[in-house]
Amino acid sequence: MSSSENNIGSLSYKERLGIVERSIKREIKQAIINNHNGFFDMWLSFDADHTFGNIYVNEFKEQFAQYINNTIEDKIYFAGQNIVYLINIIMKPEIELEEILIKVESFIDNQISDFDN
């Protein structure tokens, strides 16, 4: 892509993607913190996938709405839902909240890097 194709409004594509990444990390971490209680496993089983999927879609749409059709929206939603699988893989009785947040942040970094490709 040329620099003019990469420019969306007054912010570049990379700048907008950076905003999306920071917002997703903040919102996902907050959702995990808010639900990290005696019902965390239940939340992961029933609501977390929708929470994460909606966060991803909302943040991407805020920056790239004109480029997101239904197919792309579905893919973004499913990408957010994948965080539940990560958490289920790393969950151990002794795992600390901070460790969950660090691993989720790293996972999001990798996903956003894939979106950029």
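Nothing in this text is a laboratory measurement; each read-out follows from the coordinates by a stated rule. Given the structure is predicted, the values throughout are model-derived calculations rather than measurements.
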statement: Contact order relative to length for the chain, counting C-alpha pairs under 8 Å separated by 6 or more residues, stands in percent at 30 percent
field: Tilt relative to the chain, helix 48-64 - C-alpha long axis, 0 to 90 degrees, to 10
entry: 20 degrees
- prompt: On a 0 to 90 degree scale, rounded to 10, what angle separates helix 70-90 from the longest Cα axis of the chain?
  reply: 30 degrees
- prompt: Quick one: what do you get for the chain if you divide its Cα Rg by 2.2 N^0.38 Å?
  reply: 1.13
- request: Give the long-range amide H neighbours of SER12: residues separated by 5 or more places, or on another chain, with amide H under 5 Å away, using H modelled in the peptide plane at 1.01 Å from N.
  value: none
query: In terms of Cα to Cα distance under 24 Å, which lysines are near enough to LYS61, apart from those fewer than 8 places away along the same chain?
result: LYS14, LYS25, LYS29, LYS75
